[in-house]
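Undergrad: The structure is given below, and queries will be raised subsequently.
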Amino acid sequence: MHSLSRMNTITRCKNLWYAAKLKGTGIGAGDRLYLLYVCHHPNVSQDTLSAALYVNKSSVTHRLAHLEKEGFVTRTASEADRRVMLVAPTEKALALLPLLAELKREWNAIITEGFTEEELEAFSHLIDRALQHARQQAKEFTE
């Protein structure tokens, strides 16, 4: 298996792990990134959220409808342009931030167990380079 395919497997394993850890919170593994972004960028437009997470607009709409129903976000029309929906976190979402941060630390520790400091630094550097290339390619298709 090519190493990049293994990265996809790591992501799928991460999603299973997060789903188990988030059971009973009202959010799933797929909601985590949406919540984090909205909490750190309150009143973000759905279009900006879509672009930031590299997710199509219909998927964003679907996820946000779920999060709104569960009481984690509110969506309101922009006063400047009523066609633009702005998304804000609720107190319920903000209350989850410490748990999400702890789970992120825990997952990162799990997948990098036994790595030396040098290996962690090299791994991080290589992932950052790959991410930069991926974003550049995605940019060509999203502009």
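What follows is calculated from the coordinates using simple rules that are stated; it is not laboratory data. On a predicted model such as this, the values are computed, not experimentally measured, just so you know. Methodologically, a virtual Cβ is constructed for each residue, glycine included, from the backbone with ideal geometry; neighbour enumeration extends over all protein chains shown.
Undergrad: Can you list residues whose amide H is under 5 Å from THR74's amide H, if they're 5+ apart or on another chain and H is modeled 1.01 Å from N?
TA: Answer set, sorted by chain and number: ALA88, THR90.
Undergrad: If you wrap a convex hull around the C-alpha atoms of the chain and split its volume per residue, what is the figure in Å³?
TA: Once divided by residue count, the hull of the chain is 137 Å³.
Undergrad: For region 50-96, which GluC sites (Glu not before Pro) are both in a DSSP coil and crowded by at most 14 other Cβ atoms within 10 Å?
TA: Those satisfying the criteria are GLU79.
Undergrad: Can you pull out the chymotrypsin sites (Phe, Trp or Tyr not before Pro) in region 25-104 whose DSSP state is coil and whose Cβ has at most 14 other Cβ atoms within 10 Å?
TA: Taking region 25-104 and a limit of 14 other Cβ atoms within 10 Å, the loop chymotrypsin sites (Phe, Trp or Tyr not before Pro) found are TYR54.
Undergrad: Hey, another quick one. Compute the distance from the alpha-carbon center of region 1-79 to that of region 80-126, in whole Å.
TA: About 11 Å separates the Cα centre of region 1-79 from the one of region 80-126.
Undergrad: May I pose another question? Can you pick out the pairs among LYS23/LYS92; LYS14/LYS104; LYS57/LYS139; LYS23/LYS57; LYS14/LYS69 whose Cα atoms lie more than 18 Å from each other?
TA: LYS23/LYS57; LYS14/LYS69
Undergrad: Further question: What are the ³J(HN,Hα) values, in whole Hz, obtained from phi via the Karplus relation 6.51 cos²θ - 1.76 cosθ + 1.60 with θ = phi - 60°, for each residue of region 108-113 in sequence order, with x given for Gly and Pro?
TA: 4, 5, 4, 7, 10, 4
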